[in-house]
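Below: one structure, written as structure tokens.
Nothing in this text is a laboratory measurement; each read-out follows from the coordinates by a stated rule. Not measured: the values here are computed from a predicted model. In this analysis, Cβ positions are derived from the backbone assuming ideal geometry, glycine residues included, and neighbour counts consider all displayed protein chains.
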Amino acid sequence: MHIVDRRLNPNNKSLENRQRFLRRAKALVRGAVKKSSEGRDIKDVLDGGEVSIPLEGLREPRFHREGGTRDLVLPGNKKFVEGDILPRPPSGGGRSSEPGEGDSEDEFRFELSRDEFVDLFLDDLELPDLAKRKLAETETEGLRRAGYTNSGSPANIAITKTMRLATARRVALGRPRTATIDKLEAALAECDEELRAELEQQITALKSKARRIPFIDPIDIRYRRFETTPKPIAQAVMFCLMDVSGSMSEHMKDLAKRFYMLLYVFLKRRYRYVEIVFIRHTDRAEEVDEQTFFHDPASGGTLVSSALQAMHEIVRARYSPADWNIYAAQASDGDNSYADSELTGRLLTDLILPATQFFAYLEVGDSSSGPGESSASSLWRLYERLRTQGASLSMRKVRDRSEIFPVFHDLFSRQQNRKEAVP
């Protein structure tokens, strides 16, 4: 008997067929997902939705015969008879492309679930250069205690467990205690002839029962059991730095928050062994949890050096560069105190960049200003100067929601993980 479990199938559809289709048309579906995500906000992207792919990409290769005379059976034919020449179909394969001439069949539409949509969008993304100390997803086999077993090496005998089981077995079976037998033998030496025979009989029975119930039986012996368990041989930590000072408008904060929300989803879905540290700053920096980072308001001046100093202290206290792959992404409107620029540059070049494998800077701006309508910000000029001096920095600018996904995709793509481009 063959039983097929369909309980996990969405909406009574065949999950196996759906997954087979997604694998076959993966390139087309991924392109459709990327195009669809450009006009959505993060909440809509994470909800999945309908995408369209061209029908031309769904055709499968097949062998067919070219030219010659062929005999065909056309069910329902009422127009042609044997010997007639079939006319050539109109251009477009008979599909209507003019409005008002019926439904077009040039596109195939279908629904993607939330998980399918996000997986396809993040499919070709990767934290760059994680292979510094081998991939974080690469695992090695380690040993951990996993209870007890009845067989094993003598070196792994669990003495305490064995003695407890032996004691419980002896008590359950009523094995005579040695002290009880010794007491009877002492009474036998002092008793009269009338009780001697009875005591000898009791002593013989107790000794016989003690021989039948050994002090330690093979069934009592337990060995410590160990089982292999996967463990990471490399670890990664991602620092999320965000400016929440008074110079950041609500639109800018919204762009920064959306970028980090997408980054958070990406890291949590792609890497099982990545820790995330959230640091927000005004004129002072603080490490916060996810809820505070995204939702609690804050205002004040702007000192970028405070965030870099806080990150350095956290790295020194908890994340040694010898054991951790360290990545950082910073979002800001570009404003910074002029007096703070020198300290910011020194912290970045002397302490942060030598310890990190990747540092990304995302500058958010007002949607009303175009790329050429305003001069470069003080922080952008500082980072650009550091980059020309050889600092490993990735820099991007975002002014509208629709730019978040392409910038995020470009910033963390596998093929261009070290490409430096200024919009």
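Structure notes:
- Interatomic Cα distance distribution for the stretch 213-361, bins of 5 angstrom, percent: 2, 8, 17, 19, 16, 11, 6, 3, 2, 3, 3, 3, 2, 2, 2, 1, 0, 0
- Highest average packing first - 161-169, 213-221, 243-251, 149-157, Cβ atoms within 10 Å: 243-251, 161-169, 213-221, 149-157
- Put simply, when 341-347, 290-296, 28-34 are sorted by average Cβ atoms within 10 angstrom per residue, most first, you get 28-34, 341-347, 290-296.
- Shown here is the pair-distance distribution of the stretch 174-300: with all Cα-Cα distances grouped in 10 Å bins from zero up to the longest one, the shares run 10, 22, 12, 7, 6, 6, 9, 11, 11, 6, 1, 0 percent.
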